[in-house]
Amino acid sequence: MKLPKRLGWLPMAGLALVLTSILAFLFVRAQGHNTSSYFENVAIVRQIKQLDARWELDVMKSKTGINANYDSLVNPLSDLNQLQENLKTRVSGERHEAATALAAADDAFDGAIWEKTRLIERFKSHNSVLRNSLVFLPTAADDVRAMIFAGGKGDLEALRKVSSAVNTVLLETLVYSQTPSEEAAAKIETRLKRLQAAGGELPASVRDGLDVFVSHTRTALREQPLVNDLLRSIAAVPTTTRIDDLDRLLSDEQKHVEQQAGQDRQYLLIFATALVVLFLYAAVRLIRSHGVINRVNKALAEANAGLERRVAERTHELLGANTALTATQGAIRNLLDNSDQGFLTVTPDLLIGDQSSAACEAILGEAPAGKPIIDQLCRGTPHDAVSAMRATLASVFRDSSDFTRDLKLELLPTEFGLDRKS
């Protein structure tokens, strides 16, 4: 069954709608591939990495005494937390797999930051004690020497040896603070024991000052390894590795986004080409349909013109025939009228026709056209005879055989009496 032409366009319209919807979806998704977001995220990661490196540098500055306080070890925490929150907010809009991996990497970075913060807090405590002892050691040594020479009593040679030993211990302790080692610590401890042994023979004021010097020296010997261990632990915290993991995940996600964007562009090109081809096909069909319609219209116009000519010709022929018939009828009517005979025509429904002679009107007493022939001829005739005549006339018109009609016409009366006229 052949579909109407209008229905033939429905599949093409449906296909065009589907292609347009796919193109719109791909265009919207392609717009969602925002490359600038990746660079902003990477910039945040770079800032976090710079803050972490500066944090560790400030730890070293605090260790060497360049930083007079620990504000520089506290301030980066608020900036790091703010940057982390910004990064979490931005990566939460990524696809599920990337967002999950980035969240896990960020949690690992949080753990590393927490561990580094804990170690830095311990470093601050131990480094404060160490720096206090190291800073005070020269003053304590000066106090001991001042007390030794201020007294001026006892064995001067012994006092000079104690003063020299204090200077030696001070120098070795300061050197130890820069390059600590177990051998140097043991050597300094031996000298401290000798100082304490020699101090037993010194005045009480000198012994008190010497005890303070020895206490601070031992504090430096005890705290220096702890501070160095904390520095190594702080440096070993994998914050840089965690930051690199975040950077790597962002790079992987950007590669995936770029690959997806490339595929979307390819699909856009393919479906756009298909839509253009469909439109071209529709245009070709429209042009062909327009051509067919023009040809059909032209053929119809030619046929209509030919038909009009034929109708005009036929009308002219009919007018001519009608004119001739009218003339013939007029001639016949004149002939009948002049013959003084009653001639008339009868139709199949037994009515008198329009053509009749003038004598008929005179005989019948009225214009016979359109009147029943039986009523006009059988006035005063018995009913049975009228019925028989009506049936005979009706059968004459129904019968197609000329012979039969002639036989039936012979059964009709040859004369009729009308108002004493025959």
Dividing the surface of the Cα convex hull of the range 194-313 by four yields a projected area in nm² of 15.1
Cα gyration tensor shape for the range 40-195, rounded if a/c is under 1.5, else prolate or oblate: prolate
In the structure shown, do any of K63/K124; K161/K193; K49/K116; K124/K187; K88/K124; K61/K187 have a Cα-Cα gap over 19 Å, and if so which? K124/K187; K88/K124; K61/K187
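Any read-out appearing in this document is the output of simple, stated calculations on the displayed coordinates, not a laboratory observation. Not measured: the values here are computed from a predicted model.
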